[in-house]
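The values are calculated or read from the model by the stated rules, or taken from the named source; none is laboratory data. Small disclaimer: the values here were computed from a predicted structure and weren't measured. Positions of Cβ are backbone-derived with ideal geometry, glycine not excepted, and every protein chain shown enters the neighbour counts. With ligands, DNA and RNA removed, areas are computed over all heavy atoms of the protein, side chains included. Shrake-Rupley method; radii C 1.70, N 1.55, O 1.52, S 1.80 Å.
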Amino acid sequence: MLIALADLTEEVHELSGQVSLADGDVPGPSLRREGVALPRPFEVAVRARRKGDVIHVEGNLQGQVDVSCSRCLGSQEHSVDLGFELRFAEEPEALGGEVPETEDGTCLSAEDLDLSYLATGATALSVSEIVREQVLLDLPVRVLCDDHCRGLCSHCGANRNRDACRCEEEQAEAIDARLAPLQAMQRRLQATPSPNPTDEPTED
């Protein structure tokens, strides 16, 4: 889905439909590298217009992604339902070195974090790229399939939520075997009666 820049005026230009973020559909890094699966396209509604040198884009998107649990790496659904509002402008060099201005004459500095610059020679905005960016920003930093998730065994890699694993027991047994001589010595010491300091030797 593309927004043709030449078609934009002060009147609102509306687009809606489904946007797929599957591999190959959108240029750039794949969301799969972030551990995200995309079971179905996103429903997107976009409104765009031009105000002075600035293009305003706002919209809403809904959909679902599957992300990996931070402990057991199992798949976990994450619903996406959000709105966004963005501003775009041409690079100052493309405007003859002039800093872009809004319709009321306000200059926009490079420090304006709400402003993104268009690629040189761009003729359209990719809604798919906007959606991908918004989905990435919406992903939680840490995902748990359950608050009590036991995670993966650090030795055999088994999912301890569903698979029986004796690694901890075997590790404890191995430690016990190495400590067996010390434990035997401790038992001998405990079995030896301690002399009573109140006992005094008797004289014949």
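Structure summary
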{"quantity": "Peptide ranges 39-47, 160-168 listed from the most packed, as the mean C-beta count within 10 angstrom indicates", "calculated": "39-47, 160-168"}
{"quantity": "Distance in nm between pseudo-label sites at Leu139 and Ala4 (7 Å out along the Cβ direction from Cα)", "calculated": "3.4 nm"}
{"quantity": "For Leu38, solvent-accessible area (1.4 Å; no DNA, RNA or ligand), Å²", "calculated": "40 Å²"}
{"quantity": "Environment charge at Leu5 (Cβ cut-off 10 Å; Lys +1, Arg +1, Asp -1, Glu -1)", "calculated": "-1"}
{"quantity": "Estimated inter-spin distance, Asp147 and Ser70, nm [label 7 Å along Cα→Cβ]", "calculated": "1.5 nm"}
{"quantity": "Amide H contacts under 5 Å for Ala124, placed H, 5+ residues apart", "calculated": "Leu5"}
